[in-house]
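For reference, the structure discussed in these notes is given below.
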Amino acid sequence: MNQPVTSETYTAQLRRLAELTARVAEQRAEAHTWYERQCEAADRAVAEAAEQLQDAEVELVAAREQQERVDAEVAHLWQQARSRLGVRRLGGPPAPANGVAATDPVPMLAKVRDLLDRAGQPGELPGSVNPLLALCGVAGAVLAYALGAGARALGVGYGGDLAVGMPVLALVVTLLGPLIGLAPARMLADRRHAMLGPRPITVVLGAGVITTVLLLALGR
């Protein structure tokens, strides 16, 4: 048979129900707090990921622009290398090597540019071409003397004022003979991608002057 519910039993049941209700409310509050914290953490993670994605997109655009500039600079330097160094058989610029550690290409390109500038600068003609330079001076002097002789002969042939003026013109042309030799010497220097410096000019003029003096002495 069922025992009658006394006031003490009812009071105990109410107290237990109140304790269970309070515990459930406390656990529910803790669950809500945990959920809100998880949502806030998730929101922060999403915001940080979105910010990192935006930064990555900006860096990607900058990297592509730098790559385009570097590729253009490499193509330009490669073309300069072909033209300045006389290497015509080379194809296009080399492709980037795989597995190479990432480095800033700007300083490397600056070094290559400086190297090409130094390599492309013409040097002075070597001493081994001194005989050719002297020959240029001799040829210029002989050519000028021949032109002068032709002018004198023309003056003698026509007579009159030409007989007076042509010898003077012939002397001027003859004296300019050493300078005429500088023209083929310049061509020789250009073919060797060199500079016609003081020493080569001295060789040409010296040979031309000596030849002019000898021709004038023999022509008297």
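Structure above, values below:
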{"item": "Zone residues, the range 173-208, relative to LEU132, backbone N less than 13 Å from point 7 Å out along Cα-to-Cβ", "result": "184-196"}
{"item": "Extension gain (nm, one decimal) between ARG44 and GLU124, 0.36 nm per residue minus Cα-Cα", "result": "21.8 nm"}
{"item": "Local electrostatic count at ALA56 - Lys and Arg +1, Asp and Glu -1, tallied over other residues with Cβ under 13 Å", "result": "-4"}
{"item": "Potential extension, VAL168-ALA146 segment - 0.36 nm per residue separation minus Cα distance", "result": "6.5 nm"}
{"item": "R0 of 35 Å, Cβ-Cβ distance LEU53-GLU30: FRET efficiency to nearest 0.05", "result": "0.55"}
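No value in this document is a laboratory result; all are computed from the given coordinates. Values in this document were obtained by computation on a predicted structure and should not be read as measured data. Using ideal geometry, Cβ is built from the backbone for each residue, glycine included, and neighbour counts are taken over all protein chains shown.
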